[in-house]
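What follows is a single structure, written as structure tokens, with notes after it.
The values are calculated or read from the model by the stated rules, or taken from the named source; none is laboratory data. This structure is a prediction, so every number in the text was calculated from the model and none was measured. Cβ placement follows ideal geometry from the backbone for every residue including glycine, while neighbour counts extend to all protein chains displayed. Surface areas here come from the heavy atoms of the whole protein model, side chains and all, with no ligands, DNA or RNA. Shrake-Rupley method; radii C 1.70, N 1.55, O 1.52, S 1.80 Å.
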Amino acid sequence: MAKTLYLLRHMKAEELAPGSTAKDHARVLAPRGKRAAKTMAAHFATQALSVDRVYCSTSKRTRETFDAVRSGLKNPAVSFRDALYLSPYEELISFIQALPDTLRTAMVIGHNPGLHDTALMLMSRAGRGQAKALEKLRTKFPTGAFCALSFDVASWRKVGAGLGTLTAFVRPRDLDHAE
């Protein structure tokens with residue numbers, strides 16, 4: 001049974017004001033990010049995206065992103081994990097390889113540069129019709145971007161460098177210029 005990994009970067013967040021005592025972890029979505037989240041939720045719904053489980057960073061902006069796109073994902077089960085907050089790709093790869101094999105699909109909602117580095121490390125090629133998407137992904141993984149990678153493996157432990165096929169890369173602005 002193949003595995004599919006979805007990576008979703010949180011939507012655009014408010015910047016911290018200079019001299020602010022607020023913490024990065026508490027940053028909320030900006031109005032532009034809220035609009036982009038609605039756009040992505042609608043896109044997920046039209047694609048009939050099926051996700052067995054979502055793993056989400058505990059930051060406020062990733063939680064708000066999940067809440068906004070949840071309906072487009074058919075309300076999947078979610079686990080909030082502190083370990084996903086600003087994780088580098090090495091930690092993300094270890095996290096992915098430890099996923100339960102009962103999951104066919106899993107989504108990670110998190111942050112850059114970890115998500116971008118993870119996508120670049122895992123993929124080896126673009127699937128049918130995804131050559132332009134691959135070039136966009138190699139350039140940048142902006143806020144709100146979504147990446148789908150398929151792996152011809154039976155166990156998440158077998159997911160590794162260069163084994164993924166890019167099956168989708170979508171940015172909110174590709175859909176309606178929300179970003």
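Within region 153-168, can you find the residues that are out of contact with any Leu (no Cβ under 8 Å at 6 or more places or on another chain) and part of a loop (DSSP other than H, G, I, E, B)?
Matches in region 153-168: Ala154, Ser155.
Taking into account only those residues within region 8-59 that are more than 18 Å from Pro172 (Cα to Cα) and of a type in the set (S, T, N, Q), which is most open to solvent (accessible area, probe 1.4 Å)?
Thr21
I'm checking my understanding of the structure. Among residues of region 158-172 that are within 21 Å of Leu99 (Cα to Cα) and not β-branched (Val, Ile, Thr), which one is most open to solvent (accessible area, probe 1.4 Å)?
Lys158
Which of the residues that make up region 136-165 are among the polar types (S, T, N, Q) and touching a strand residue (DSSP E or B) at 6+ places or on another chain (Cβ under 7 Å)?
Thr143, Ser150, Thr165
Could you tell me whether Thr62 is surrounded by fewer than 18 Cβ atoms within 10 Å (Cβ to Cβ), among the hydroxyl-bearing types (Ser, Thr, Tyr) and under 15 Å from Val108 (Cα atoms)?
Considered against the rule, which asks whether it is surrounded by fewer than 18 Cβ atoms within 10 Å (Cβ to Cβ), among the hydroxyl-bearing types (Ser, Thr, Tyr) and under 15 Å from Val108 (Cα atoms), Thr62 comes out as no.
Just one of (1) surrounded by fewer than 16 Cβ atoms within 10 Å (Cβ to Cβ); (2) in contact (Cβ under 8 Å) with a residue 12 or more places away in the chain; (3) in a loop (DSSP other than H, G, I, E, B) trips up Pro142, so point out which.
The one condition Pro142 does not meet is (1).
Is it fair to say Val108 is touching a helix residue (DSSP H, G or I) at 6+ places or on another chain (Cβ under 7 Å) and crowded, with 16+ Cβ neighbours inside 10 Å?
yes
What tally of residues in region 65-93 results from selecting those that are open to solvent by less than 70 Å² (accessible area, probe 1.4 Å) and among the hydroxyl-bearing types (Ser, Thr, Tyr)?
4
Within the set of pairs 6+ apart or on separate chains, which have a first residue in region 13-27 that is assigned to a loop (DSSP other than H, G, I, E, B), a second that is loosely packed, with under 11 Cβ neighbours inside 10 Å, and C-beta atoms under 7 Å apart?
Here the result reads none, with nothing in region 13-27 linked to a residue that is loosely packed, with under 11 Cβ neighbours inside 10 Å.
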